[in-house]
Amino acid sequence: MEKPQDKVKEPIADYGHYSYADYLSWQLDEMVELIRGNVFRQAAAPRLIHQRISRKIFNPICNFLQGKRCEVFSAPFDVRLPVSSRDPDKIDTVVQPDLCVVCDPEKLDELGCVGAPDLIVEILSPGNNKKEIQLKYEVYETSGVKEYWVVHPDERTLLIYTLETGKYRPSRLFTFGDRIRSQALPGFELDLNEVFGEL
């Protein structure tokens, strides 16, 4: 039986379940993510504050990782979260975190990352869909992402979810005056005055 994706090169919003194989066939001018087979389109380019915060987190992590095994990547960078296979037809989640750190080079290939990064940073935008946010949390948790940071630019806050025995444990809410430490990157500290200052 012929499927819609056999005829077109872009997803149809209300058609069933998509795979990474479908994702690779689409020719789109916009960035999309695939979460549990559902397509989420990015509403618009990130705001200026989003870009500044991303840079202020990326640069210290990048400097810290110099000479180390781990690497940090910024969007657009595909992270495929398969259950147990590298087969594009069996992968139904492809996300583009704002930032991610991968410490296992075996997870990297020319198309991005296959499997859970050690650290993911998501910076919220006005266009973020609540369902998308919830689905990402669940996918990151079940896929084994060790640490997940959620940054709220307008409120100048950062929340860390740390994976413990398969479930995320939330930190307190961090803001100005706080220095945060990462369990996924032992020895790394981030001064939130530098992240949220002069935005």
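Please work out if LYS131 is over 24 Å from ASN59 (Cα atoms), surrounded by 18 or more Cβ atoms within 10 Å (Cβ to Cβ) and not aromatic (Phe, Trp, Tyr).
Answer is no for this residue.
Please verify whether GLU189 is of a type in the set (D, E, K, R) and at pLDDT below 95, treating the condition exactly as stated.
So GLU189 fails the test.
Looking only at the stretch 56-84, filter to residues that are of a type outside the set (Gly, Ala, Ser), within 20 Å of LEU124 (Cα to Cα) and within 15 Å of the chain's Cα centre (by Cα); which one of those is modelled with the lowest pLDDT?
PRO76
Go through GLU122, GLU147 for me and flag whichever is under 16 Å from PRO60 (Cβ atoms), surrounded by 19 or more Cβ atoms within 10 Å (Cβ to Cβ) and in contact with a Phe, Trp or Tyr (Cβ under 8 Å, 6 or more places away or on another chain).
It is GLU147.
Restricting attention to the stretch 154-184, which residues are crowded, with 17+ Cβ neighbours inside 10 Å and at pLDDT below 95?
Matches in the stretch 154-184: none.
Please give the number of the condition ASP104 fails out of (1) buried (at least 18 other Cβ atoms within 10 Å of the Cβ); (2) among the acidic types (Asp, Glu); (3) out of contact with any strand residue (DSSP E or B) (no Cβ under 6 Å at 6 or more places or on another chain).
So the condition that ASP104 fails would be (1).
If you go through the stretch 71-126, how many residues are acidic (Asp, Glu), within 22 Å of GLU164 (Cβ to Cβ) and in a loop (DSSP other than H, G, I, E, B)?
Summing the residues that are acidic (Asp, Glu), within 22 Å of GLU164 (Cβ to Cβ) and in a loop (DSSP other than H, G, I, E, B) in the stretch 71-126 gives 2.
Exactly one of these conditions fails for LYS107: (1) touching a His at 6+ places or on another chain (Cβ under 9 Å); (2) at pLDDT 90 or above. Give me its number.
LYS107 satisfies every listed condition except (1).
Among the residues of the stretch 25-64, how many are under 19 Å from GLU194 (Cβ atoms), in contact (Cβ under 8 Å) with a residue 40 or more places away in the chain and among the hydrophobic types (A, V, I, L, M, F, W, C)?
Summing the residues that are under 19 Å from GLU194 (Cβ atoms), in contact (Cβ under 8 Å) with a residue 40 or more places away in the chain and among the hydrophobic types (A, V, I, L, M, F, W, C) in the stretch 25-64 gives 6.
The values are calculated or read from the model by the stated rules, or taken from the named source; none is laboratory data. What you see is a predicted model; the values in this text were computed from it and never measured. Every residue, glycine among them, receives a Cβ derived from its backbone with ideal geometry; neighbour counts consider all protein chains shown.
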